Amino acid sequence: MGRRDSPQDSSIDRRKLLKSIGIAAVGTAGLTGPVSATEEAVSSEEKERILDNDLVSNLRSELNNPEVSDVSRKNVVKDDETFTVTTLQTPVGKLVFGEHESKKSAVQFHLASDLKPPETRELPKQYRKLAKTTGAVLILDNDENIVQLREATPDERAQLAKETGADKKEALMFYTSTLDGFEVHTKSEASTASTESDTSEVYLVDTESDGAIESGSARLATDSDDVTIQADCETWGDRCLQHISICTGCAALCASVSIGNIPGVVACATCVGGVCHFTLPIACGKLIENCA
């Protein structure tokens with residue numbers, strides 16, 4: 001695969017990144033203000049409704065319709081926002097369906113990373129190798145195209161660090177099929193919200209036709225010339241992302257600058273609410289206060 005367009009031609013609007021992180025925090029726990037999260041039983045009728053949903057049905061059929069063994073649901077209420085996450089357990093991973101009271105919804109499948117035969121043989125051939133990696137997620141964009149995300153392997157992290165100069169232990173690195181390449185998100189050295197900090201950078205790195213990282217292809221994703229971002233937004237955006245990134249799989253989904261037509265608020269919050277099982281810190285609430 002050849003080099004892609006120059007940074008001037010393929011400039012990425014960092015506001016999209018910050019907005020996707022900030023809005024995605026809405027409807028999840030741990031933000032400023034009172035939050036309540038409750039587990040509830042899922043009736044057989046409700047289970048069938050979820051399975052009949054077009055998004056769920058399409059993504060499940062992409063994986064050869066794995067059998068659903070268990071269904072759980074979590075309702076989160078933050079101020080006047082209500083968000084519902086339903087998790088369907090299967091032999092090959094978790095299908096997570098999120099619904100916001102605005103009627104927006106998102107679905108994603110988190111492949112189990114410890115699969116062995118015969119479970120792997122239940123998957124289509126194109127996903128068997130993906131299931132052997134960590135943090136592998138399949139999602140649908142608004143056109144119902146399949147998007148694959150996965151964390152970079154240790155060897156890939158070492159090479160990506162060499163290509164971009166990022167710290168291989170600290171940076172967020174993941175593959176996205178939207179780019180057919182990698183995103184590398186560096187982390188800022190911040191102290192307090194009221195002080196200036198080094199802002200994080202996002203690098204895009206191409207892959208060869210065999211999937212190997214293309215040497216010399218790294219390029220910086222830059223702001224559009226007509227976009228200005230407040231310093232506080234940079235600070236809180238970086239901090240929020242750092243906390244999200246402790247959760248396998250969700251970091252890539254919440255941070256990707258290359259997924260432009262995914263409903264960010266529902267997709268990210270679905271991931272955090274259905275897979276991570278922890279509350280987001282106050283940094284994400286501050287991001288909404290300052291930047292949303």
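Some points to look at:
- Gain on full stretching of the segment that runs from Asp141 to Glu48 - 0.36 nm per residue minus C-alpha separation: 31.2 nm
- FRET E, pair Thr134, Leu220, Förster distance 30 Å, beta-carbon r, rounded to 0.05: 0.70
- Applying the criteria of a DSSP loop state and at most 14 other Cβ atoms within 10 Å to the GluC sites (Glu not before Pro) of the stretch 75-145 yields Glu101, Glu144.
- Nearest-0.05 FRET efficiency for Asp114 and Thr82, computed from C-beta distance (R0 41 Å): 0.75
- Loop-located trypsin sites (Lys or Arg not before Pro) in the stretch 36-139 whose Cβ has at most 15 other Cβ within 10 Å (DSSP): Lys103, Lys104, Lys129
All of the numbers you see were taken from the coordinates with simple rules; none came from a lab. Quick caveat: nothing in here was measured; it's all calculated off a predicted structure. Every residue, glycine among them, receives a Cβ derived from its backbone with ideal geometry; neighbour counts consider all protein chains shown.
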